[in-house]
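K.L.:
Quick one: the structure is below, questions incoming.
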Amino acid sequence: MNELKETVKTRLKPLSTLASEFSLGEGFLYEEDAHAGPSDNKRAAVLIVCIEGAETEVLFTVRAHDMRHHAGQVSLPGGRYAPGEHFPLETALREAEEEVGISPNKLEVLGGISPIETSTGFRVTPVVAWTEATYSFKPCDREVAGLFTLPLSHLLSQDSYSSHRLTYRVRGERRMHRIWRVRSHQWPIWGATALILAKLAGFTESER
């Protein structure tokens, strides 16, 4: 049995508990009514694809430079909820298939991570899945400029992360949030994607 896989499983929640979970203030600004939560068109899910091989890797996308949101940035496959979907699983699987061409039947879904709030008002729920290294990905040219992977062991090590606090004022009120980064010799990974990975690495609320 893959030891990293077992480690990941211990840090995940059942997807059934995440469908209605609302988490606020996880390092990002969200200014709408905290009791109401974001509307359905602000719900999104991403898929953390762990690729098992000689060294287990995690798949990342580089968003196309003409995308409306976060153009040119590193992301995890995923996107916005579509009405009628079983959230977050169907959303994450559909978006991953559209973006990187991976069929849901090639994935073993392990569980999920509590949602985060992004600076653009989205509530993003991460789903974690496992696949074999023999799978050939087919990125969507319209949405994805490139693909790359990083070792899962690197992403599970808390030494791979750094952060800094940003202080700002909203309507005269002083606020603070933390911006996360993943140390990488490839593309820079920061913001919401880095926060999701930091949660997977086991950082607690107090440490964040």
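The values are calculated or read from the model by the stated rules, or taken from the named source; none is laboratory data. The structure presented is a predicted model; accordingly, all values stated were derived computationally and were not measured. Because the Cβ atoms are built from the backbone with ideal geometry, glycine has one as well, and the counts that use them run over all protein chains shown. We work out accessible area using only protein heavy atoms, side chains counted, and drop any ligands, DNA or RNA first. Shrake-Rupley method; radii C 1.70, N 1.55, O 1.52, S 1.80 Å.
K.L.:
Can you say whether GLU90 is surrounded by fewer than 20 Cβ atoms within 10 Å (Cβ to Cβ), closer than 14 Å to LEU15 by Cβ and modelled with pLDDT of 90 or more, as far as the supplied structure shows? Write out each step before concluding.
P.N.:
On the way: surrounded by fewer than 20 Cβ atoms within 10 Å (Cβ to Cβ): yes; closer than 14 Å to LEU15 by Cβ: yes; modelled with pLDDT of 90 or more: yes.
For GLU90, the condition - surrounded by fewer than 20 Cβ atoms within 10 Å (Cβ to Cβ), closer than 14 Å to LEU15 by Cβ and modelled with pLDDT of 90 or more - is met.
K.L.:
Within the stretch 142-159, how many residues are at pLDDT 95 or above, open to solvent by less than 40 Å² (accessible area, probe 1.4 Å) and in contact with a helix residue (DSSP H, G or I) (Cβ under 6 Å, 6 or more places away or on another chain)?
P.N.:
Final tally of qualifying residues: 2.
K.L.:
Related question: From the list PRO83, PRO139, PRO126, pick out the single residue that is outside any helix (DSSP H, G or I) and surrounded by fewer than 15 Cβ atoms within 10 Å (Cβ to Cβ). Can you show your working first?
P.N.:
Values: PRO139 fails: surrounded by fewer than 15 Cβ atoms within 10 Å (Cβ to Cβ); PRO126 fails: surrounded by fewer than 15 Cβ atoms within 10 Å (Cβ to Cβ).
Of the residues listed, the single one that is outside any helix (DSSP H, G or I) and surrounded by fewer than 15 Cβ atoms within 10 Å (Cβ to Cβ) is PRO83.
K.L.:
Cβ-Cβ below 6 Å, separation at least six or inter-chain, first residue in the stretch 142-160 and touching a residue at least 60 places away in the same chain (Cβ under 8 Å), second assigned to a loop (DSSP other than H, G, I, E, B) and of a type outside the set (Phe, Trp, Tyr): which pairs?
P.N.:
Qualifying pairs under 6 Å: GLU143/ALA64; ALA145/ALA64; LEU147/PRO139; PHE148/GLN186; PRO151/GLU55; LEU152/THR56; LEU156/ALA201.
K.L.:
What residue, among those in the stretch 15-39 that are surrounded by 13 or more Cβ atoms within 10 Å (Cβ to Cβ) and in a helix (DSSP H, G or I), is modelled with the lowest pLDDT?
P.N.:
Restricting to residues being surrounded by 13 or more Cβ atoms within 10 Å (Cβ to Cβ) and in a helix (DSSP H, G or I), the top hit is LEU18.
K.L.:
Can you find, within the stretch 106-118, the residue that is surrounded by the fewest Cβ atoms within 10 Å (Cβ to Cβ) among those that are at pLDDT 95 or above and more than 30 Å from ARG178 (Cα to Cα)?
P.N.:
Here the answer is GLU108.
K.L.:
From the list HIS177, HIS164, which residue is part of a strand (DSSP E or B) and open to solvent by less than 60 Å² (accessible area, probe 1.4 Å)?
P.N.:
Values: HIS164 fails: open to solvent by less than 60 Å² (accessible area, probe 1.4 Å).
Going through HIS177, HIS164 in turn, just one is part of a strand (DSSP E or B) and open to solvent by less than 60 Å² (accessible area, probe 1.4 Å): HIS177.
K.L.:
Test GLN186 against the stated conditions and say whether it is out of contact with any strand residue (DSSP E or B) (no Cβ under 7 Å at 6 or more places or on another chain) and either exposed (fewer than 13 other Cβ atoms within 10 Å of the Cβ) or farther than 20 Å from LEU4 by Cα (or both).
P.N.:
Values: out of contact with any strand residue (DSSP E or B) (no Cβ under 7 Å at 6 or more places or on another chain): no; either exposed (fewer than 13 other Cβ atoms within 10 Å of the Cβ) or farther than 20 Å from LEU4 by Cα (or both): yes.
When the stated conditions are applied, GLN186 does not pass them.
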